[in-house]
Amino acid sequence: MQAQDPLQEVDIGDGSVKRPTYISANIDPTLKEKMVELLKKYRDCFAWDYNEMPGLSRNLVEHRLPLRPDKKPVKQLPRRFAPEIMTKIKAEIERLLKCKFIRTTRRFPWLCCA
């Protein structure tokens, strides 16, 4: 899906770290200036990475699969992706692991990524 209006990237960071966000390219220039000023004023309310969400409750974001102990999970064949997409997937998985947002499982070793 794409936005109806074309989007323009604006940096609301403090200069040391880039904080990109997107606003409509069709917005009036004076309104755009006020919008960017407002976003910069409240930039501490936004998170660009999982490291910036230390107070996030695990009960709110952690997903668990209800597995019955007497049943074995169904093993599916790995899904095939184009090589250029696979590198992006691996990079995202590494980033999530590094931030400790996800972790590998020990219970079902065949579920772990290779």
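Only one entry of D49, D5, D14 meets the criterion of being modelled with pLDDT of 85 or more and of a type outside the set (A, V, I, L, M), and that entry is D14.
Mind listing just one residue for me: the one in the range 1-43 that is closer than 18 Å to M53 by Cα and exposed (fewer than 13 other Cβ atoms within 10 Å of the Cβ) and, of those, farthest from the chain's Cα centre (by Cα)? Going through the qualifying residues, I end up with Y42.
The values are calculated or read from the model by the stated rules, or taken from the named source; none is laboratory data. What you see is a predicted model; the values in this text were computed from it and never measured. Every residue, glycine as well, gets a Cβ built from its backbone with ideal geometry; the counts of neighbours run over all protein chains shown.
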